[in-house]
1. How many residues does region 78-99 hold that are in a loop (DSSP other than H, G, I, E, B), under 13 Å from V167 (Cα atoms) and not charged (D, E, K, R)?
2. Between I176, I133, which is assigned to a strand (DSSP E or B) and aliphatic (A, V, I, L, M)?
3. In region 62-84, which residue that is surrounded by fewer than 15 Cβ atoms within 10 Å (Cβ to Cβ) and modelled with pLDDT of 90 or more is farthest from A178 (Cα to Cα)?
4. Based on what the data block shows, is I193 farther than 23 Å from P116 by Cα, within 15 Å of the chain's Cα centre (by Cα), surrounded by 13 or more Cβ atoms within 10 Å (Cβ to Cβ) and β-branched (V, I, T)?
5. In this structure, does D188 turn out to be touching a strand residue (DSSP E or B) at 6+ places or on another chain (Cβ under 6 Å), of a type in the set (D, E, K, R) and in a strand (DSSP E or B)?
6. May I ask you to verify whether L216 is part of a helix (DSSP H, G or I), within 27 Å of S90 (Cβ to Cβ) and in contact with a helix residue (DSSP H, G or I) (Cβ under 8 Å, 6 or more places away or on another chain)?
7. Conditions first: (1) over 22 Å from D188 (Cβ atoms); (2) at pLDDT 95 or above. I105 passes all but one, so which condition is the exception?
8. Can you tell me which of (1) loosely packed, with under 13 Cβ neighbours inside 10 Å; (2) touching a residue at least 40 places away in the same chain (Cβ under 8 Å); (3) under 14 Å from the mean Cα position of the chain (by Cα) is the one T163 doesn't meet?
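The values are calculated or read from the model by the stated rules, or taken from the named source; none is laboratory data. Note that the structure is a prediction, hence the values are computed from the model and not measured. Cβ sites come from the backbone with ideal geometry, for glycine too, and all protein chains shown count toward neighbours.
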Amino acid sequence: MQYFDILLFAVITGFLLIRLHRVLGRRTGHESPPPEATPNSDSQSQAESPVAAEIEAESDLPEAPEDGRIHAGGPVTGLAAVQAADPSFSPEQFLGGASQAFAMIVGAFAAGEREPLQRLLSESVYRSFEASIAERERDGKAMEVRDIKVAHASIESAWMEGTHAVVRVEFESEKIEAIRDSAGVVVDGDPDIPARANDLWTFSRDVSLADPNWTLIRTGE
């Protein structure tokens, strides 16, 4: 009986080891590394965005001061300064208007509509945009942009520059964009696949004036 018990225990142990081997496998030290993550094939990268490549304009304003940057859980001194200068300023309403302006400006730039851009851009930014539009027209190219969606917009920094309130916004957007040559052949972008991008746009308004409109004074990624 004792010999039988030992034999039975050995059989059960062997069975469990076989099952464990099948579940976990056996490491030899020569296993292939796991496949690297590949970018999502149904969206373009930010660097491939033809719109972002064409419209990047700097203003004469300096970079945002450190106390104007918005830090999670930290003092919002820059935003407080803007609200002190303009008590009617609402971050939520501002971001809603900025998101609408983003779509309008990108659409007008793609369509080569100069008049709306003049109303929404500072002089230096308009010159940069207009130069890109003129170059595109000389080359016989056409830009197609549609289905513009702002997935998220947030205030990255805010500060006062004299009587000018300055607010920098980070946009996360998605849109269909492509550039075609004079023959209608796509030379950049994709007319079917949405392109995703992150952009930093800076808006300004002279709070000493009654005009409530903000002007785009800087673009960039």
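1. Let us first name the residues in region 78-99 that are in a loop (DSSP other than H, G, I, E, B), namely 86-90.
Next, only the ones that are under 13 Å from V167 (Cα atoms) stay: 86, 89-90.
In the following step, the residues that additionally are not charged (D, E, K, R) were identified as 89-90.
Of the residues in region 78-99, 2 are in a loop (DSSP other than H, G, I, E, B), under 13 Å from V167 (Cα atoms) and not charged (D, E, K, R).
2. The conditions single out I176.
3. Only one residue fits best here, namely A84.
4. Criteria not met by I193.
5. Taking the combined requirement at face value, the residue satisfies it.
6. Against the criterion (part of a helix (DSSP H, G or I), within 27 Å of S90 (Cβ to Cβ) and in contact with a helix residue (DSSP H, G or I) (Cβ under 8 Å, 6 or more places away or on another chain)), L216 does not qualify.
7. Going through the list (1) over 22 Å from D188 (Cβ atoms); (2) at pLDDT 95 or above, I105 breaks only (1).
8. Checking T163 against (1) loosely packed, with under 13 Cβ neighbours inside 10 Å; (2) touching a residue at least 40 places away in the same chain (Cβ under 8 Å); (3) under 14 Å from the mean Cα position of the chain (by Cα), the one that fails is (3).
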